[in-house]
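See structure below.
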Amino acid sequence: MDNLKKYLSTIIICLVLATFFVAVQWGISSGFISGYWVTNLYLVGINIILAASLNLINGFTGEFSLGHAGFMAVGAYSSAVITANLGLPFPLAVIVGMLAAALTGLLVGLPTLRLRGDYLAIATLGFGEIVRVVLMNIDYVGGASGLMGIPALVNWPIIFFSVVLSLLLIRNFICSSHGRACLSVRENDLAAQMMGVNITYYRVLAFVIGAALAGLAGVLYAHYYTILQPREFSFMLTFDVLVMVMVGGLGSLTGSVVGAVIITIASAFLQAIPELRMVIYAVLLILSAIFRPQGLLGEKEVTLNNLQKLGGVFNGTVGSKQAH
Amino acid sequence: MPDLLQQLLNGLSQGSIYALIAVGYTMIYGIIQLINFAHGDVIMVGAYVALGCALKGLGFIPSLAVAMLTCAILGVLIERVAYRRVRPVSRLAALTSAIGVSLFLEYIMMYFLGADLRTYPAGFFPERTYSLWGITINNKDLLVLGTTLVLVLILQYVIYRTRTGKAMRAVSFDGQASQLMGINVNSTVAITFFISSAMAAAAGLLYGIYFNSVQPLMGLMPGLKAFIAAVLGGIGSVPGAMLGGILLGMTEALVAGFGGSMYRDAVAFIILILVLLIRPTGLLGKGVQEKV
C-alpha cells in the first residue's frame, strides 16, 4: 500500500510537470505567452538551477559560498567559446561549460574547504571578482565590450529538462548516502568527523557539484541571450541568488524553486529602480537572518504529502502520517 | 634600485591603509568570530562623511574626527541591530546578515548620492612632492604613514594598557569565562565595534585622498584585501594584522610595478590560498584546537 502511494505521488508529479511543459510549449508557439514573459520564464528556469545549486552548498552542506556569479561566468564563457568561436555542437558546449565550472570549483574549494566555512566566503567572493577582471582583459572572448554572436540554441524544452534534471540530480544526491554525509557535516562537522565522515571530501564534493550546476546555468544564459558581458556577472548576481535561497529556505529544494520564482518576478517588476531593489533585498536578507535564519520554508519541502496534510488541517482532519 | 625603493614606498603607504582596515577585521573576528562584511562599507561611509566635511570647509583633522566618530556610532549601531540577536543562532545567519548590511550601505548611498566618482576639493589637501635619492616622496605618503602610525599607537595603548583593552582581550580569549568573571560581554563587543569602525573611517579618508576618488563601491576591494591581510598575519592578532597589511601592500606594489597591473587584484587572493594551504593560522597567529 505504501509502495503504491509512493509511486502514486511520483506519477502525479510527472503528470503535473508534463501538463505544465505541454501547456507552456503551446503557449509559446501560439503566442499566448508574450515575448517579455517568455524571457522571464527562461530566467526563472536559470535562476532555479542557480538557487538550487547554491542551496546544495549553503543550505545542505552548511558552507558559505559567494562565488556563483563566477562559476556561472566560467560556464557561460567556456561554452560560448565552443559554439561561437569554434563552431562545435551545443551538447559538447554543455559538457565543457559544466566541466570548466566544476574544475574551477575544485581549484577554489580544495584549499579553502579544509578550513572553517568563513574562509570560503572570502575566497569565493574574491574569485568572482577576479573572474570578471580576467574576462575583461582577454580579447579572445571580447574583453570588456563582451562576447557577441553566440548562437541562440536554447528553447523551452532545453530549459525545462535542464531544470528538472538538475533538481532531480540534487534531490537524489541529498537522499543518497553521500548526501546524508553532507547533512551530517552541516549539523556538526566535529561529530561527523568522529563518525568517520571525511568532511573535507564531502564539502568539496557538494561544492563542485554546485559549481558545475552554476556552470550549466551559465551555458543556458549564454545561449539564450547570445551576448555575454563580464559586468553581468558581478556580485549582484550572486547576491540575488543568495536572496532566493534565503527566501526559500536553507536546506529546502522546493523552497529554492519558490524563492527563485518569487525573486525573479519581483526583480522584473522592480527593474526600473535598480538601487532601491538592492536596498529592499538587503533589508529582506537582514530581516530574514534575524527573525527566520532558516529561511521562509526552513528545511521543509513542499511535497504532496505535506500538501495533503495542509488540506487535512483545513478540513479539520489532521492525518497521523508524519512528514519525511 | 630607485625603482624598487619607489615601489616599496608606494606599497608601504597602501599597506598601511590595509593595516588600518585589517586591524578592525581582526579585532571583530577575534571577539565574535564573524567576518564583518560591512566593514569595507564603513570605510566608504567614512570617506563620504569626510568628503561632506571637506565640502563644508573643514580642515583635515576636524574632518577625520567627525568621520571617525560618525562611523564609530554606525559600527555600534550595526552590531546592535544586525548582529547581536543573530550571533548566537548560527554563524551562517550572522554572515548572511553581515552581507545584507554591506549591500544595504552600498546601495542606500548609491540611491541618495549617485554612483558617480567624487573627489576631495582641491584645497583640502595640497599635494607636494619631494625627491630624495632618486625616489619621489609625495606628501600623501607621509600623511598616510603618519596618521596610521599615530592611530596604531593609540590602539596599542588602548588594548594593552587600559581596563577596556583588558576586557577586550579577555572576551576574545574566552567569552564565557570572561562573562563569569564579571565582564559585560555585550558592551565589550560594542566597544570593539566602536574602535574598529573608527579606524575604518580613518582608512576610508586616507584611501579617498590617496587614490583621489570616493564612490559607493570603493570599500569592497580594500575590505576584501584587508581581510586577507588579517588572515595572512594571523586572524585575531592585532600586530599580525598590521604586518599582514603592510606585506600585502608591498607585494601588490611590486607585482603592479614589475609584472602587470592587471594581476594586481589577483595577488591578494593567491596569497590567501597559499596561506590557507601552508600556514592556516597566519604568520603571527596561534593554532587553536577545536574541542568538543
- prompt: Here are A:231, A:180, A:186, A:171: which of them is basic (Lys, Arg), assigned to a helix (DSSP H, G or I), farther than 30 Å from residue A:20 by Cβ and modelled with pLDDT of 90 or more?
  reply: A:180
Search result, residues across the stretch A:244-262 that are within 14 Å of chain B (Cβ to nearest Cβ) and at pLDDT 90 or above: A:244, A:245, A:259
- request: Quickly run through the stretch A:271-286 and pick out the residues that are aliphatic (A, V, I, L, M) and within 12 Å of chain B (Cβ to nearest Cβ).
  value: A:273, A:276, A:278, A:279, A:280, A:282, A:283, A:284, A:285, A:286
- prompt: Being free of Cβ contacts under 8 Å to residues at least 60 places away in the same chain and hydroxyl-bearing (Ser, Thr, Tyr), is that true of even one residue in the stretch B:146-158?
  reply: yes
- prompt: Consider residue B:49 against the criteria (1) touching a Cys at 6+ places or on another chain (Cβ under 8 Å); (2) surrounded by 24 or more Cβ atoms within 10 Å (Cβ to Cβ): it satisfies all of them except one. Which criterion is unmet?
  reply: (2)
- request: Inspect the stretch B:204-222 for any residue being free of Cβ contacts under 8 Å to residues at least 60 places away in the same chain and among the β-branched types (Val, Ile, Thr) and give the result as yes or no.
  value: no
- request: Starting from the stretch B:84-108, keep only residues that are touching a residue at least 60 places away in the same chain (Cβ under 8 Å), then list their pairs with residues that are of a type in the set (Asp, Glu) whose Cβ atoms are within a distance under 6 Å, requiring at least 6 positions of separation or different chains.
  value: B:102/B:41; B:105/B:41; B:106/B:41; B:107/A:275
- prompt: Checking residue B:119 against (1) within 14 Å of chain A (Cβ to nearest Cβ); (2) in contact (Cβ under 8 Å) with a residue 60 or more places away in the chain, which single condition isn't satisfied?
  reply: (1)
Members of the stretch B:119-144 found to be surrounded by fewer than 16 Cβ atoms within 10 Å (Cβ to Cβ), not in a loop (DSSP other than H, G, I, E, B) and not β-branched (Val, Ile, Thr), listed by number: B:130, B:131, B:132, B:139, B:142
query: Of all residues in the stretch B:72-102 being under 13 Å from residue A:293 (Cβ atoms) and more than 10 Å from chain A (Cβ to nearest Cβ), which is surrounded by the fewest Cβ atoms within 10 Å (Cβ to Cβ)?
result: B:88
- prompt: Of B:147, B:188, which residue is under 18 Å from the mean Cα position of the chain (by Cα) and closer than 17 Å to residue B:23 by Cα?
  reply: B:147
message: When the residues of the stretch A:287-306 are narrowed to those that are over 16 Å from residue A:58 (Cα atoms) and within 10 Å of chain B (Cβ to nearest Cβ), which ends up surrounded by the most Cβ atoms within 10 Å (Cβ to Cβ)?
response: A:290
- request: Quick one: in the stretch B:28-59, of everything that is out of contact with any helix residue (DSSP H, G or I) (no Cβ under 8 Å at 6 or more places or on another chain) and not aliphatic (A, V, I, L, M), which residue is farthest from the other protein chains (Cβ to nearest Cβ)?
  value: B:59
statement: Sole miss for residue A:201 among (1) of a type outside the set (S, T, N, Q); (2) under 21 Å from the mean Cα position of the chain (by Cα); (3) more than 14 Å from chain B (Cβ to nearest Cβ) is condition (2)
task: Those residues that are at the interface with another protein chain (Cβ under 7 Å from one of its Cβ atoms) and surrounded by fewer than 24 Cβ atoms within 10 Å (Cβ to Cβ), I need them from the stretch A:95-113; list them, please.
output: A:111
- prompt: What are the residues in the stretch A:57-83 that are within 14 Å of another protein chain (Cβ to nearest Cβ) and either over 22 Å from residue A:134 (Cα atoms) or in contact with a strand residue (DSSP E or B) (Cβ under 9 Å, 6 or more places away or on another chain) (or both), if any?
  reply: A:57, A:58, A:59, A:60, A:61, A:62, A:63, A:64
message: Looking only at the stretch B:231-287, how many residues end up being within 13 Å of chain A (Cβ to nearest Cβ), surrounded by fewer than 21 Cβ atoms within 10 Å (Cβ to Cβ) and touching a residue at least 60 places away in the same chain (Cβ under 8 Å)?
response: 0
- prompt: Yes or no: residue A:180 of a type in the set (Lys, Arg) and buried (at least 18 other Cβ atoms within 10 Å of the Cβ)?
  reply: no
- prompt: Right, residue A:20: more than 20 Å from the chain's Cα centre (by Cα), part of a helix (DSSP H, G or I), more than 20 Å from residue A:233 (Cβ to Cβ) and of a type in the set (Phe, Trp, Tyr) or not?
  reply: yes
message: Among the residues in the stretch A:111-121, are any part of a loop (DSSP other than H, G, I, E, B), of a type in the set (Lys, Arg) and touching a residue at least 24 places away in the same chain (Cβ under 8 Å)?
response: yes
message: One residue is enough: does the stretch A:178-185 have a residue meeting the conditions within 14 Å of another protein chain (Cβ to nearest Cβ) and under 28 Å from residue A:115 (Cβ atoms)?
response: yes
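The values are calculated or read from the model by the stated rules, or taken from the named source; none is laboratory data. No experiment lies behind these values; they were computed from the predicted model shown. Here Cβ is always computed from backbone atoms with ideal geometry, including for glycine, and neighbour counts include all displayed protein chains.
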